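Asks: Input: one structure, supplied below.
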Amino acid sequence: GEGLPRPEQTRVIVVANQKGGVGKTTTTVNLAASLAVHGGRVLVIDLDPQGNASTALGIDHHAEVPSIYDVLIDSKPLAEVVQPVPDVEGLFCAPATIDLAGAEIELVSLVARESRLQRAIQAYEHPLDYILIDCPPSLGLLTVNALVAGAEVLIPIQCEYYALEGLGQLLRNVDLVRGHLNPALHVSTILLTMYDGRTRLASQVAEEVRTHFGDEVLRTSIPRSVRISEAPSYGQTVLTYDPGSSGALSYLEAAREIALKGVGVSYDPAQAHIGA
Ligand code: ADP
Ligand code: MG
């Protein structure tokens, strides 16, 4: 793939929104694959007990597989659970198994319960350009572990009614974690997902989001695309499932925008590689 500037240090990006079905998992896996296709080394950490990100990447995550649960609860080194993603060079996944559902409760009584993921990442010695963390649809201890481990929060927003509802709670949690546990934490990126520019509602919501968040909102939005929704059932990202589709191209473009922003290069939508 086409090379992009690589960050000087590993960028840890937390993909969060406590609403379900807004495109967190879809964004995590397709953005991660796009960054890898652009030449980066990328790790996806699946922090949702549903394991949808693991499934979408074609990663085995049945109950016996070493997983992020073992890392969080039994202090297993992250390197012992990371698997290479088939067919995408430079892309890796730390899978979630169903026992992660119990971790939310089990973490409560452990020491350093909010920073167990951060410690595991700090001890991981393999070089990486990006770590993307797929969060569950809640603001419990799993999501707090992600917010402590990362500096950047990426919020996918679906352009529908009530898109901004509930975001206040996420933003307050980000402020709390920044104030008490992780001074570097900030919302770096808002991504509009399942965007249908032909509807008035979608463009109204998009405008509202841009007014509210300004420069954090990526110029690239992700269109509603059947190819994007089909890919996970083949254990593939849309990048390998249908590389020429509008969904694949928009995630590649969003990845380009994120990579350029990270090295302080301003992104010019007129130079976009797609006409979206
Ligand atoms: P979350 O992780 O926030 O719960 P998902 O990423 O699982 O959300 O997406 C919810 C549903 O929407 C899934 O069925 C997914 O395939 C579908 N979906 C996500 N993004 C798109 C898109 N751009 N176009 C069409 N369907 C999408
Ligand atoms: Mg999900």
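Asks: Restricting the search to segment 243-276, which residues are in a loop (DSSP other than H, G, I, E, B) and crowded, with 19+ Cβ neighbours inside 10 Å?
Replies: Matches in segment 243-276: Ser245 only.
Asks: While we're looking at this one, here's another question. Identify, please: which residue in segment 140-166 is farther than 20 Å from Thr10 by Cα and among the acidic types (Asp, Glu) and is, among those, nearest to ligand 2 (Cβ to nearest atom)?
Replies: In this case the residue turns out to be Glu160.
Asks: Quickly run through segment 37-50 and pick out the residues that are farther than 10 Å from Cys93 by Cβ, within 16 Å of ligand 1 (Cβ to nearest atom) and not charged (D, E, K, R).
Replies: Once the filter is applied, which keeps residues that are farther than 10 Å from Cys93 by Cβ, within 16 Å of ligand 1 (Cβ to nearest atom) and not charged (D, E, K, R), segment 37-50 yields Leu47, Pro49, Gln50.
Asks: Right, something else. Within segment 105-121, can one find any residue that is closer than 30 Å to Thr240 by Cα, within 16 Å of ligand 1 (Cβ to nearest atom) and surrounded by 17 or more Cβ atoms within 10 Å (Cβ to Cβ)?
Replies: No, there is no match, as no residue in segment 105-121 is closer than 30 Å to Thr240 by Cα, within 16 Å of ligand 1 (Cβ to nearest atom) and surrounded by 17 or more Cβ atoms within 10 Å (Cβ to Cβ).
Asks: So which helices (runs of 4 or more DSSP H) stay within segment 30-139 end to end and still have 1 or more residues that are within 29 Å of Gly168 (Cα to Cα), more than 17 Å from the chain's Cα centre (by Cα) and away from ligand 2 (no atom under 16 Å from the Cβ)?
Replies: Because the criterion is at least 1 residues that are within 29 Å of Gly168 (Cα to Cα), more than 17 Å from the chain's Cα centre (by Cα) and away from ligand 2 (no atom under 16 Å from the Cβ), the helices (runs of 4 or more DSSP H) in segment 30-139 that meet it are 68-74, 100-106, 116-122.
Asks: Ok, one more. Going by the structure shown, is Ala146 within 16 Å of ligand 1 (Cβ to nearest atom) and surrounded by 14 or more Cβ atoms within 10 Å (Cβ to Cβ)?
Replies: yes
Each value in this text was obtained by applying a stated rule to the coordinates, not by laboratory testing. This one's a predicted model, so the numbers in the text were calculated from it and none came from an experiment. Note that each Cβ is placed from the backbone with ideal geometry, even for glycine, and that neighbours are counted across all protein chains shown.
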